[in-house]
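Heads up, the thing below is written out as structure tokens.
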Amino acid sequence: MKGAIFDLDGLLVDTEKTYRDGWLWGFEQFDIEIPKEIVDAWGGKNWKQSFDILVQAAGSPEKVQEVRAKREEYFYEQLRHGEIQLKPYAKDILIELKKRELKIGLATTTVTKRATDILDQFGLKPFFDTFTFGDEVAENKPSPIPYLTALERTDLLAPEAFAVEDSLVGATSASRAGLGVVLIPDSSFERNYSKEEKEKLNLLTEGNDLRVVIDLLDKKTNN
């Protein structure tokens, strides 16, 4: 293996619950009720995928933008006050991959500004050789375009790299791009993907935390 391409939210940084709580807080500011379960279901999806549901809940595209602005306000308040943390072993894994001289790319649906702010907050940017942000691609996950773009930017072929993802949407994107996938479901939510769902993935391995990445590399080295 020559490289690895990582997702960001819910995988390296524990942001997904903050996004969820931010949406709930945003709707609350406009006295709009929305079940928490509906917002939970957005995890791993991009802005466009959730937009129709948001419009139905908020009443209009314009109101959605107002709620989204409140969500951003909430998110940045939590980020500034240290309420958002790295996922366990996030930096350890990136350090180890650098030691092994693997190229490291990022492929996230998060827009450039917020993703860059998150990376800067936790000092993650220097670990990555390339970045592919959600507002840079014509289609987002589960389309293969984010991972195909990341592979091209990192100067890697799909058989030379693997993806690390926390969501079925992201793992589907990577699989469609021809990458093998390490799946680490976000432990902040009850996400148990079915056997049928995972059968559609190029699944290399699955685990509870990022240490499974090193386990995989060690197995490949010893084989």
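Only a single item in (1) in contact (Cβ under 8 Å) with a residue 24 or more places away in the chain; (2) surrounded by fewer than 17 Cβ atoms within 10 Å (Cβ to Cβ); (3) charged (D, E, K, R) is not met by Glu28, and it is number (1). Taking the stretch 172-223, which residues are of a type in the set (Ser, Thr, Tyr) and farther than 25 Å from Ile38 by Cα? Matches in the stretch 172-223: Ser175, Thr205, Thr221. For the criterion of being modelled with pLDDT of 80 or more, basic (Lys, Arg), open to solvent by less than 40 Å² (accessible area, probe 1.4 Å) and closer than 25 Å to Ile184 by Cα, Arg20 passes. Select from the stretch 188-223 the residues that are among the hydroxyl-bearing types (Ser, Thr, Tyr) and exposed (fewer than 15 other Cβ atoms within 10 Å of the Cβ) and list them in ascending order. Those that are among the hydroxyl-bearing types (Ser, Thr, Tyr) and exposed (fewer than 15 other Cβ atoms within 10 Å of the Cβ): Ser194, Thr221. Here Ile104 fits the description: in contact with a strand residue (DSSP E or B) (Cβ under 8 Å, 6 or more places away or on another chain), in contact (Cβ under 8 Å) with a residue 24 or more places away in the chain, under 25 Å from Ser187 (Cβ atoms) and not in a helix (DSSP H, G or I). For the stretch 65-85, which positions are closer than 10 Å to Trp23 by Cα, surrounded by 14 or more Cβ atoms within 10 Å (Cβ to Cβ) and among the hydrophobic types (A, V, I, L, M, F, W, C)? If the condition is that a residue be closer than 10 Å to Trp23 by Cα, surrounded by 14 or more Cβ atoms within 10 Å (Cβ to Cβ) and among the hydrophobic types (A, V, I, L, M, F, W, C), then Val67, Phe75 are the ones that fit. When you go through Glu83, Glu62, Glu72 one by one, which is the residue that is over 25 Å from Thr205 (Cβ atoms), of a type in the set (D, E, K, R), modelled with pLDDT of 90 or more and not in a loop (DSSP other than H, G, I, E, B)? Criteria check complete, one pass: Glu72. Within the option set Lys103, Lys98, Lys70, being farther than 28 Å from Thr130 by Cα and not small (Gly, Ala, Ser) holds for one residue only, Lys70. Listed by position, the strands (runs of 3 or more DSSP E) contained in the stretch 120-223 that have at least 3 residues being under 17 Å from the mean Cα position of the chain (by Cα) are 130-132, 161-165, 180-183.
Name the single residue that is surrounded by the most Cβ atoms within 10 Å (Cβ to Cβ) among those in the stretch 131-180 being in contact with a helix residue (DSSP H, G or I) (Cβ under 7 Å, 6 or more places away or on another chain) and β-branched (Val, Ile, Thr). By that ranking, first place goes to Val164. Please find, among Lys98, Lys91, Lys113, the residue that is basic (Lys, Arg), open to solvent by 50 Å² or more (accessible area, probe 1.4 Å), free of Cβ contacts under 8 Å to residues at least 12 places away in the same chain and assigned to a helix (DSSP H, G or I). Just one listed residue meets the conditions, Lys113. Checked against the criterion of being touching a helix residue (DSSP H, G or I) at 6+ places or on another chain (Cβ under 8 Å), surrounded by fewer than 16 Cβ atoms within 10 Å (Cβ to Cβ), modelled with pLDDT of 90 or more and part of a helix (DSSP H, G or I), the stretch 35-47 contains not a single residue that satisfies it. Checking each residue in the stretch 101-110 for being open to solvent by 10 Å² or more (accessible area, probe 1.4 Å) and among the small types (Gly, Ala, Ser) picks out no residue at all.
The values are calculated or read from the model by the stated rules, or taken from the named source; none is laboratory data. Remember, predicted model here, so these are calculated numbers, not experimental data. Cβ coordinates were reconstructed from backbone atoms using ideal geometry, including for glycine residues, and neighbour counts include every protein chain displayed. Surface accessibility is based on the protein's heavy atoms, side chains included, excluding ligands, DNA and RNA. Shrake-Rupley method; radii C 1.70, N 1.55, O 1.52, S 1.80 Å.
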